[in-house]
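Worksheet: the structure to be examined is printed underneath.
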Amino acid sequence: MSIAVMNWVWAHSPTSGNHRLVLLAIADACSHDNGTGAWPAVDTIRRKARITDRTARRVIADLERDGHLIVHRGQGPHRTNLYTVVIHNPCQCDSCQSVRGDTGDRGRGDTGDRGVLTQLCHPIHPEPPLEPPPPARTRDPVDNPSARSPVEDGGGEAEEVFTALGEAWPLSASQRARLTPAIGAALATGWRPRDLATHLDGNTTGVRNPYAVLRARLADLPDPPPVAPPRPPWCGHCHPDTRHIENRDGRPARCPACHPLTAGGEAE
């Protein structure tokens, strides 16, 4: 554990609620004072924060999206996630409030030894890798054609999503290829390309790693929006926009031939 990283989260992290508890649970597992070397299982994080597994995964995705956490999925021991808490670098200047424990003999004065740094300063945020490693897979879809999504086989709908996202989400060809299976899985659940792009494009403020943010949002998608039933073909005898006709008494009524709510029925 790293007391330095935990103290930084307590003193300087803007997070609150479950997000703060999850960040503290990960900080508690850091092997180094620069926020690296943490690979707790999601179940461990869940138990420490006293939240559900689903909430833990959603909060981790939020912390990654907002730049408080860097997640290398499947890169830790036993294929756990490897985490980096984005903190400040330690400084030795006189103005910094660096609290260190004394490891020397108090009876003989200062021996020159220094203990563990417990407070950090001066913002120097580590940049995430430009090409995060791909998540571990139990079996390559290339070797298992039945596991490949329709989009992976060249359906073109993933490209429609990337096109709709536009220049605000710059991605390399390799990053697009890695996101394509997740997009295919989302489309298979009922998402339409345009609706999916609109959902993924919800908030671009402060995004430093477009690939990591899109990957996190694809991993925590809600249910797809309902699809409105198509309107019946226009019959040619009513108003084409309202699908209303005029009754004998001059009042408007739904067209019994092509109004979506009365097609096949009788006019009001």
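The values are calculated or read from the model by the stated rules, or taken from the named source; none is laboratory data. Since the model is a prediction, treat every value here as computed from it, not as a measurement. Positions of Cβ are generated from backbone atoms using ideal geometry, with glycine treated the same way; all protein chains shown enter the neighbour counts.
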Exercise for the section: Inspect all residues belonging to segment 172-189 and state whether any of them is outside any helix (DSSP H, G or I), under 30 Å from residue 73 (Cβ atoms) and of a type outside the set (Asp, Glu). Expected result: yes
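Working carefully through the options 216, 197, find the one that is in the same structural domain as residue 177 (by TED's automatic domain parsing), in contact (Cβ under 8 Å) with a residue 60 or more places away in the chain, within 33 Å of the chain's Cα centre (by Cα) and not in a loop (DSSP other than H, G, I, E, B).
Of 216, 197, the one residue that is in the same structural domain as residue 177 (by TED's automatic domain parsing), in contact (Cβ under 8 Å) with a residue 60 or more places away in the chain, within 33 Å of the chain's Cα centre (by Cα) and not in a loop (DSSP other than H, G, I, E, B) is 216.
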Exercise for the section: May I ask you to list the residues in segment 42-60 that are surrounded by fewer than 20 Cβ atoms within 10 Å (Cβ to Cβ), in contact (Cβ under 8 Å) with a residue 12 or more places away in the chain and within 17 Å of residue 218 (Cβ to Cβ)? Expected result: 57, 58
Fill in the blank from the handout: Those residues of segment 67-101 which are farther than 21 Å from residue 21 by Cβ, modelled with pLDDT of 50 or more and outside any loop (DSSP other than H, G, I, E, B) amount to 72, 77, 78, 79
Practice task
Scan segment 20-58 residue by residue and report those that are of a type in the set (Asp, Glu) and either in a helix (DSSP H, G or I) or not assigned by TED's automatic domain parsing to the domain that holds residue 8 (or both).
Solution key: 28, 43, 53
Problem - Checklist (1) within 19 Å of the chain's Cα centre (by Cα); (2) surrounded by fewer than 19 Cβ atoms within 10 Å (Cβ to Cβ) applied to residue 261, failing item - result: (1)
Practice task
For residue 104, indicate whether it is assigned to a loop (DSSP other than H, G, I, E, B), modelled with pLDDT of 80 or more and either farther than 23 Å from residue 207 by Cβ or not assigned by TED's automatic domain parsing to the domain that holds residue 210 (or both).
Solution key: no
Practice task
Mind listing just one residue for me: the one in segment 224-258 that is aliphatic (A, V, I, L, M) and modelled with pLDDT under 85 and, of those, farthest from residue 185 (Cα to Cα)?
Solution key: 228
Handout entry: Enumeration of residues in segment 164-184 that are closer than 17 Å to residue 221 by Cα and surrounded by fewer than 16 Cβ atoms within 10 Å (Cβ to Cβ)
Key = none
Exercise for the section: Could you look through segment 61-82, keep only residues that are within 16 Å of residue 216 (Cα to Cα) and of a type in the set (Lys, Arg), and pick out the one that is surrounded by the most Cβ atoms within 10 Å (Cβ to Cβ)? Expected result: 65
